[in-house]
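Remarks on the structure that follows.
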Amino acid sequence: MTAIETETFLEYILVEHRWIIVMVALLPISLIWKIWSTLRNYVVFKLNSAPKMHIKKVKEVQSQVKAWLAGDRSTRLCTARPGWQAMSFRQGIYKKTFTNIKVNLVDVLEVDMENMTVRCEPLVTMGQLSRTLEPLGLALAVVPELDQLTVGGLVMGTGVESSSHIYGLFQHFCLQYELVLADGSVVTCSKDENPDLFYAVPWSYGTLGFLTSAVIKVVPAKKYIRLEYRPYNKLSDLAHHFVEESVKDKPHQFIEALLFTKNSGVLMTGDMVDKIGDDGKFNPIGKWYAEWFFKQVERHLTNNRTAVEYVPLRDYYHRHTRSFFWELQDIIPFGNHPIFRYLLGWLMPPEVSLLKLTQPEAVTKLYDKAHVIQDMLVPVEHLEKAINVFHDEIEVYPIWLCPFRVFNHPGQLKIKTKADSQMFVDIGVYGVPKAKGYETVTSTRRIEAFVSKHDGFQMLYADTYTTLEEFRAMFDHTLYDKVRDSLPYCKDAFPEIYGKVNRSVRK
Ligand SMILES: Cc1cc2nc3c(=O)[nH]c(=O)nc-3n(C[C@H](O)[C@H](O)[C@H](O)COP(=O)(O)OP(=O)(O)OC[C@H]3O[C@@H](n4cnc5c(N)ncnc54)[C@H](O)[C@@H]3O)c2cc1C
Ligand SMILES: NC(=O)C1=CN([C@@H]2O[C@H](COP(=O)(O)OP(=O)(O)OC[C@H]3O[C@@H](n4cnc5c(N)ncnc54)[C@H](OP(=O)(O)O)[C@@H]3O)[C@@H](O)[C@H]2O)C=CC1
Ligand SMILES: CC(C)=CCC[C@@H](C)[C@H]1CC[C@@]2(C)C3=C(CC[C@]12C)[C@@]1(C)CC[C@H](O)C(C)(C)[C@@H]1CC3
């Protein structure tokens, strides 16, 4: 074999049979990695953990910004969290050219049981937070799926989950932010104190300042979720009931739906309960040997009748984590096979950071060309129309549907109603497109145009193919621009949001 033939063969194996690499190399390395990263986390945590030293740690962030200020300011600023650790699909290339500011703030600072709030530093993960809150009988109002998501990333980006139809997006139950600004000063903001800054921070992707703490609302938690599955075989029926459940005066605490074809899907409604009732069976879906959740849901479609189950709270919160929704089936096609689950299920899922770190160029190219990962957010009344458009343009199933409320607050997410809030739906499409004529850029651009025309938004952890003008039309920049104009050195220190999330800098 010539060198080129060997390379082509290796590329073929990497792309077409990634599972071989995952089984032979990644899972064992994942295990070693998990042990190593637990030790490393422990050391890093011990070195950095110091809830009482918060003020001192903030001063360290300030002094790094001041050092940049005293220099020639020829580079811009971003956090030093490496791209491979972050949850967005790609590794921002700006991390290599910008000055990296270490924001090593890892602690849960205070749980206030009276006011039902928790104050945390930005590197606190969803896993760490739920571990702190669970013994106290508390939970975040919305627990974004995937353990490694951080408070900083969710505040500066956004977070959505199946209780968002009540509480809104991550930003809507954050009550206060503390930031280090580009002039080196520390400010706190809330709806009453520096409200402009407070409302401009969500979706700003670290382009206004560095978050050093956030006060977040918590809610009482119970042990189980009573989960009702309702299968539908007609899109209009499912859409009708989905909307009806979401906008009810007293809705269920959790609502989501999975579409398995254009016309068939399962609507799930859930409520927290203390005891397992006798109207359904107990189902610990989080156990290592359990079938992947979306596969279990699909069975309710085949059975074609309403069913009730009782699921442990944490298992429910993490129902899509073990299979990365349905993304893991492309990497390990037999990952849901009972033999695999019983023998190796405990190793699942592989570490995202390790997968990202070892992702070969060929796989990146393949994902660019023939894989879609997008969350599109549209007013809920356009659900049926949107599914039809997504079907024609992309044709990826399952589709994740999650209702959420956008409150009528100032900021980048401007809603076109005078009411207090408007109900939206997150349409999550993750997988290999089957639509004839699918072409990543043109098809995604048509979807983006549809979303924009229907007063919707695109989630920005994924790729955006909009132009700057289109991006500014989708997200209202009025308050954001005003805040950037008013903050000293802000424009020198940080690019605009688009300059950070657009395809060419994200890569
Ligand atoms: C040995 C060690 C000691 C540490 N001590 C502390 C400490 O005292 N205080 C502190 O603040 N940090 C501490 N840390 C740091 C911090 O907890 C870890 O970095 C953090 O646990 C990593 O988060 P994870 O996502 O891996 O959560 P994990 O540690 O894997 O998760 C902990 C538990 O919570 C569950 N869980 C995870 N996410 C969710 C969710 N979203 N909803 C419901 N349940 C969930 C998991 O199933 C698991 O059982 C410590 C880390 C280590 C390794
Ligand atoms: N269920 C859900 O809602 C899901 C949400 N997501 C998305 O994933 C992302 C969060 O992932 P995560 O890995 O935690 O975050 P990332 O490290 O990806 O950070 C996201 C953005 O927030 C900025 N940021 C993070 N911390 C700070 C800080 N302390 N100060 C200033 N800016 C900061 C980052 O800036 P910088 O570039 O400078 O590092 C970056 O632009 C969000 O965009 C979220 O929408 C993904 C999956 C599921
Ligand atoms: C709003 C909501 C619920 C979003 C869910 C987004 C998930 C579907 C995304 C988040 C992280 C994500 C981009 C990821 C991937 C798939 C889609 C994920 C899981 C995968 C696993 C695809 C395969 C890739 O080789 C690689 C391993 C790097 C990524 C890792 C992150």
Q.
For the stretch 144-157: of the residues being crowded, with 24+ Cβ neighbours inside 10 Å and not in a helix (DSSP H, G or I), which is nearest to ligand 1 (Cβ to nearest atom)?
A. T150
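Here's the yes/no breakdown for (1) small (G, A, S); (2) without any contact (Cβ under 8 Å) to a residue 12 or more places away in the chain:
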site: K418; (1), (2): no, yes
site: K434; (1), (2): no, no
site: F450; (1), (2): no, no
site: G456; (1), (2): yes, no
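Could you list all residues from the stretch 244-265 that are assigned to a helix (DSSP H, G or I) and either open to solvent by 40 Å² or more (accessible area, probe 1.4 Å) or within 16 Å of ligand 1 (Cβ to nearest atom) (or both)? If you could, list the steps in order and put the result at the bottom.
Going through the stretch 244-265, the residues assigned to a helix (DSSP H, G or I) turn out to be 244-247.
The answer is E244, V247.
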Q | Output for the stretch 153-185, where each listed residue is touching a residue at least 60 places away in the same chain (Cβ under 8 Å) and in contact with a helix residue (DSSP H, G or I) (Cβ under 6 Å, 6 or more places away or on another chain) | A | T158, H165, Y167, V180, A182, G184
Q: Inspect the stretch 166-174 for any residue being open to solvent by 10 Å² or more (accessible area, probe 1.4 Å), within 13 Å of ligand 2 (Cβ to nearest atom), under 25 Å from L258 (Cα atoms) and at pLDDT below 95 and give the result as yes or no.
A: no
Q. Filter the stretch 288-305 for residues that are at pLDDT 95 or above and part of a loop (DSSP other than H, G, I, E, B); which is nearest to the chain's Cα centre (by Cα)?
A. W292
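List the helices (runs of 4 or more DSSP H) that sit entirely inside the stretch 327-416 and contain at least 1 residues that are touching a His at 6+ places or on another chain (Cβ under 9 Å) and closer than 30 Å to A25 by Cα. Steps first, answer last, please.
Values: elements: 328-331, 338-344, 352-357, 361-370, 383-393.
Filter on the stretch 327-416 gives 328-331.
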Q: Give just the number: which of (1) open to solvent by 20 Å² or more (accessible area, probe 1.4 Å); (2) within 23 Å of the chain's Cα centre (by Cα); (3) aromatic (F, W, Y) does F198 not satisfy?
A: (1)
(Q) Give me the residue from the stretch 217-232 that is basic (K, R) and assigned to a strand (DSSP E or B) and, out of that set, nearest to the chain's Cα centre (by Cα). (A) K217
Q | All positions within the stretch 313-354 that are open to solvent by 30 Å² or more (accessible area, probe 1.4 Å) and either within 14 Å of ligand 2 (Cβ to nearest atom) or at positive phi (or both) | A | H318, F324, E351
Q) How many residues are under 21 Å from R445 (Cα atoms), open to solvent by less than 30 Å² (accessible area, probe 1.4 Å) and not polar (S, T, N, Q) if we restrict to the stretch 355-379? A) 8
Q: Tell me which residues, restricted to the stretch 485-507, are in a loop (DSSP other than H, G, I, E, B) and either touching a strand residue (DSSP E or B) at 6+ places or on another chain (Cβ under 8 Å) or more than 12 Å from G206 (Cβ to Cβ) (or both).
A: L487, P488, Y489, F494, K507
**Q.** Neighbours by Cβ (under 6 Å, 6+ apart or cross-chain): first from the stretch 351-372, outside the structural domain of V429 (by TED's automatic domain parsing); second in a helix (DSSP H, G or I) and near ligand 3 (Cβ under 10 Å from one of its atoms)
**A.** S353/W84; K356/W84; L357/W84
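The values are calculated or read from the model by the stated rules, or taken from the named source; none is laboratory data. From a predicted model like this one, the values you see are computed outputs, not experimental measurements. For neighbour counting, all protein chains shown are included, and Cβ atoms are generated from backbone atoms with ideal geometry for every residue, glycine included. Please note that ligands, DNA and RNA were not included when accessible areas were found on the heavy atoms of the full protein model with its side chains. Shrake-Rupley method; radii C 1.70, N 1.55, O 1.52, S 1.80 Å.
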